[in-house]
Amino acid sequence: MLGFKAIIFDVDGTLADTERDGHRPAFNAAFAEAGLDWVWDAERYGELLRVTGGKERIATYIAEEGIGLDPSLDAAEMIAGLHRAKTRHYVSMLEGGAIPLRPGVLRLLREARDAGIRLAIATTTTPENVSVLLDNAGEPGLRDWFEVIAAGDVVPAKKPAPDIFLLALSELGLDAADCVAVEDSDNGVRSALGAGLRALLVTVNDYTAGQDLSDAPLVVDHLGEPDRPARALIGDLGNSRMVDLESLDRMHRAAFGRG
Ligand code: XBP
Ligand code: MG
């Protein structure tokens, strides 16, 4: 019998590698459409990723570059308009199937669902972005596998604040000690741990592999598939060659002293 009842997943960088080839070009398309000469290359985007949330990221860029905006414009409205255009570009890219799920994601989701483990999402990204990713992942009805989707501007503070994970927990009606969280970044680690989610798995990607993730009990390169074993960078997977319910259960018991 498993010691946890639900898994709460981050989206960007965790379910799929959406940042460099999804969000970034969508921001650039929105800037170009608005007649702006702003271009975020992969490296600059990596720096800007320390700021979660697209609108917040644009505002940081404007401040850091010392860009003077037309004083007759409402800056917040201008940023919101750019961000709406960015979401439109992102959705149309993903409708074309631009970004697949990361290795092992669908396998683990299936395994969890078959075992009666409840599934939830806690993400900074805009809700439409979650829907389009799940609806184009090649598994009909995948969105409905998630009982709770907590996303975007519905909480006062974005990650690294714990708010979005606390909202997901409250919508699940569960304590943090009943759940496992899956993240990909240092901001996500701080957010999940801040919500008390000590059973925390991190799956790194190119943007987050160099971050300090040492507060997480288990860090892997990806979730793994039968023909593509996962590698533990922090903690260990025991006898499992992939992140499966058994390895998550071991981590969960150890994190909450039930081992
Ligand atoms: C994800 C983000 C998001 C996306 C863009 O952070 O920071 O801002 O980059 O989404 P996390 P929006 O994975 O930690 O939740 O442009 O819709 O905000
Ligand atoms: Mg993320």
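The values are calculated or read from the model by the stated rules, or taken from the named source; none is laboratory data. Here the structure is a predicted model, which is why all the values come from computation and not from measurement. Cβ placement follows ideal geometry from the backbone for every residue including glycine, while neighbour counts extend to all protein chains displayed. Note: areas computed on protein heavy atoms with side chains; ligands, DNA, RNA excluded. Shrake-Rupley method; radii C 1.70, N 1.55, O 1.52, S 1.80 Å.
Some notes on this structure:
- Exactly one residue among ARG113, ARG143, ARG88 is open to solvent by 30 Å² or more (accessible area, probe 1.4 Å), of a type outside the set (Val, Ile, Thr), on the phi < 0 side of the Ramachandran plot and not assigned by TED's automatic domain parsing to the domain that holds MET242, and that residue is ARG88.
- First in the range 241-259 and in the same structural domain as GLY196 (by TED's automatic domain parsing) and closer than 17 Å to GLY224 by Cα, second anywhere and among the acidic types (Asp, Glu) and not in a loop (DSSP other than H, G, I, E, B), Cβ under 9 Å, 6 or more apart: MET242/GLU225; ASP244/GLU111; LEU245/GLU111
- Given (1) open to solvent by 40 Å² or more (accessible area, probe 1.4 Å); (2) more than 16 Å from ligand 1 (Cβ to nearest atom); (3) under 27 Å from ARG50 (Cα atoms); (4) in contact with a helix residue (DSSP H, G or I) (Cβ under 6 Å, 6 or more places away or on another chain), index of the condition PRO100 fails: (4)
- Residues that are within 16 Å of ligand 2 (Cβ to nearest atom), crowded, with 19+ Cβ neighbours inside 10 Å and modelled with pLDDT of 95 or more do occur in the range 55-70, at least one of them.
- Restricting attention to the range 238-252, the residues that are open to solvent by 60 Å² or more (accessible area, probe 1.4 Å) and part of a loop (DSSP other than H, G, I, E, B) total 2.
- Looking only at the range 207-216, and only at residues there that are open to solvent by 20 Å² or more (accessible area, probe 1.4 Å) and within 14 Å of ligand 1 (Cβ to nearest atom), the one that is nearest to ASP236 (Cα to Cα): GLN211
- The residue of the range 177-191 that is nearest to ALA209 (Cα to Cα), among those that are more than 10 Å from ligand 1 (Cβ to nearest atom) and crowded, with 21+ Cβ neighbours inside 10 Å, is VAL182.
- Selection within the range 1-51 - more than 16 Å from ligand 2 (Cβ to nearest atom) and among the polar types (S, T, N, Q): ASN28
- Filter result for TYR45 (surrounded by 18 or more Cβ atoms within 10 Å (Cβ to Cβ), modelled with pLDDT of 95 or more, away from ligand 1 (no atom under 12 Å from the Cβ) and of a type outside the set (A, V, I, L, M)): no
- Positions within the range 23-42 being buried (at least 22 other Cβ atoms within 10 Å of the Cβ) and either of a type in the set (Gly, Ala, Ser) or more than 12 Å from ligand 1 (Cβ to nearest atom) (or both), in sequence order: ALA26, ALA30
- From the list ALA120, ALA151, ALA157, the one residue that fits, being within 15 Å of ligand 1 (Cβ to nearest atom), in contact with a helix residue (DSSP H, G or I) (Cβ under 6 Å, 6 or more places away or on another chain) and either open to solvent by 20 Å² or more (accessible area, probe 1.4 Å) or in the same structural domain as THR52 (by TED's automatic domain parsing) (or both), is ALA157.
- Answer from ALA181, ALA177, ALA216 - the residue that is farther than 24 Å from MET1 by Cβ and among the small types (Gly, Ala, Ser): ALA216
- Against the list (1) in contact with a His (Cβ under 9 Å, 6 or more places away or on another chain); (2) in contact (Cβ under 8 Å) with a residue 60 or more places away in the chain; (3) open to solvent by 10 Å² or more (accessible area, probe 1.4 Å), the condition ALA199 fails is (3).
- Screening VAL180 on (1) more than 17 Å from ILE117 (Cβ to Cβ); (2) in contact with a His (Cβ under 6 Å, 6 or more places away or on another chain) shows it passes everything except condition (1).
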